[in-house]
1. If I model a spin label as a point 7 Å beyond the Cα along the Cα-Cβ vector, how far apart are those points for Gln39 and Asn114 in nm?
2. Can you tell which of Ala36, Ala106, Val88 lies farthest toward the positive end of the dipole of the chain, using +1 and -1 charges on the Cβ of basic and acidic side chains (Lys, Arg; Asp, Glu)?
3. Would you mind calculating the gained length between Val21 and Leu95 on full extension (0.36 nm times residue separation, minus the Cα-Cα distance), in nm to one decimal?
4. For the chain, what value does the Rg/Rh ratio take when both radii are computed over Cα atoms and Rh is the Kirkwood radius, given to two decimals?
5. Taking the Cα centre of the chain as the origin, how large is its charge dipole in debye, to the nearest 20, when only Lys and Arg (+1) and Asp and Glu (-1) carry charge on their Cβ atoms?
6. From the phi angles alone, apply the Karplus equation (6.51, -1.76, 1.60; θ = phi - 60°) to the stretch 42-50 and give each ³J(HN,Hα) in whole Hz, x where the residue is Gly or Pro.
7. The stretch 20-36 to the stretch 68-101: how many Å between their Cα centroids?
8. In what sequence, highest mean first, do 106-112, 60-66 appear when ranked by Cβ atoms within 10 angstrom?
Amino acid sequence: MVSLTRSSSPARNDAARASVVLALLGLALPVVAFAAARQLEQVTLVQATAVACASVVLGLVAIVLSRRARRNIERSIGRLGGEEAARVGRLGGFLALCIGLTAALALGFYELLNVFG
């Protein structure tokens, strides 16, 4: 009878999973913020845009975790899974980063127009 040992059980790549989760949060945050601004009277569009800027942080952390996951895969000579998850986390992180930077630029120009206009 052959039993699984610790070395024969499939290893998890937690960094890859975390990068996907954070990338999805970074992509969902602006959607939720702007939906709240549309549905709730207490939330303004400027506040929703400020919240959407947090996607920059989530995107950057997702990218860093994706790089860590790929490094872990390389160190384990491919035995550690999660290469697809790391790729998805990296792509989602870059998208969240772009959305957050766009929101930050929009908020910055809005404030400039308020100051000079």
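Since every read-out is calculated from the coordinates, none of them should be taken as a lab result. Values in this document were obtained by computation on a predicted structure and should not be read as measured data. Glycine also receives a Cβ, built like all others from the backbone with ideal geometry; neighbour counts cover every protein chain displayed.
1. 2.6
2. In the chain, that residue is Val88.
3. Value of the extension gain: 25.3 nm.
4. Rg/Rh: 1.22.
5. Around 680 debye, computed over the chain.
6. Per residue, the Karplus-derived 3J(HN,Hα) values read 6, 9, 8, 5, 5, 5, 5, 5, 5 Hz.
7. 18
8. Final packing ranking: 60-66, 106-112.
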